[in-house]
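Each remark here refers to the structure printed beneath this line.
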Amino acid sequence: VNGINVLSKVIEDRALVSYNNSETPIYLKGVDSSFYRQNRLEKNIVEGSFILSNQDLEYVVVGRGVKYKISLNLKDNFNNITLYSISPNFSFLPGQIQKNPFNQLQVRASGVFAIEQQLDNNYIISSLNFAKKLFDKKMQITDIELKIDEIEKIEEIEKKIQNTIGDKYSVLTIEEQH
């Protein structure tokens with residue numbers, strides 16, 4: 001579809017973040033490398049930097065409200081953030097209950113973002129690969145985010161995309177999502 005500047009693959013789901021004996025539920029948003037080209041987060045980094053992976057190391061960028069809830073110190077070299085998600089194979093049925101119903105991964109935070117309170121209080125951003133591992137979604141994504149060339153053509157582009165993909169999927173602008 002003409003008018004699309006950047007297309008980013010996303011996995012977004014609920015998780016639990018733990019750091020230094022503090023925990024809070026969050027949304028983890030895993031984004032692919034093209035997310036950087038959307039220029040949506042870099043100017044909103046208020047501490048540290050916007051790095052999600054560097055060579056073999058994975059990082060996350062944490063919303064300011066999440067940082068305060070878990071008392072995160074970016075300069076702490078001794079304690080990692082631990083993220084938990086419910087295992088997709090978990091069952092409460094007798095005889096099928098797993099010993100470990102959660103997937104968990106440890107990671108370091110590279111930065112803190114501040115956009116608006118709803119996002120800052122509830123979101124952590126990671127690489128798409130990190131989110132795939134945590135949520136055990138090897139070949140799946142939950143969203144595709146687009147950056148378009150001309151905001152005035154958003155309704156026209158939205159209709160073209162919806163006609164192309166059919167009624168099985170929803171096409172929503174950021175305003176329609178919130």
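Couple of notes before you dig in:
- Subset of the stretch 25-50 (residues that are among the aliphatic types (A, V, I, L, M), modelled with pLDDT of 95 or more and within 17 Å of residue 131 (Cβ to Cβ)): 26, 28, 31
- Scan the stretch 131-178 for residues that are closer than 30 Å to residue 102 by Cα, touching an Asp or Glu at 6+ places or on another chain (Cβ under 7 Å) and in a loop (DSSP other than H, G, I, E, B) and the total you get is 1.
- Residue within the stretch 135-151 that is within 30 Å of residue 77 (Cβ to Cβ) and surrounded by 19 or more Cβ atoms within 10 Å (Cβ to Cβ) present: yes
- Within the stretch 34-73, the set of residues being outside any helix (DSSP H, G or I) and exposed (fewer than 15 other Cβ atoms within 10 Å of the Cβ) comprises 39, 46, 49, 54, 55, 56, 57, 71, 73.
- Sole residue being in contact with a Pro (Cβ under 8 Å, 6 or more places away or on another chain) and of a type outside the set (Ser, Thr, Tyr), chosen from 149, 136: 136
- Check on residue 86, over 20 Å from residue 145 (Cβ atoms), modelled with pLDDT under 95 and surrounded by 15 or more Cβ atoms within 10 Å (Cβ to Cβ): yes
The values are calculated or read from the model by the stated rules, or taken from the named source; none is laboratory data. Remember, it's a predicted structure, so these values are computed and weren't measured experimentally. Cβ atoms come from the backbone with ideal geometry, glycine included; neighbour counts cover every protein chain shown.
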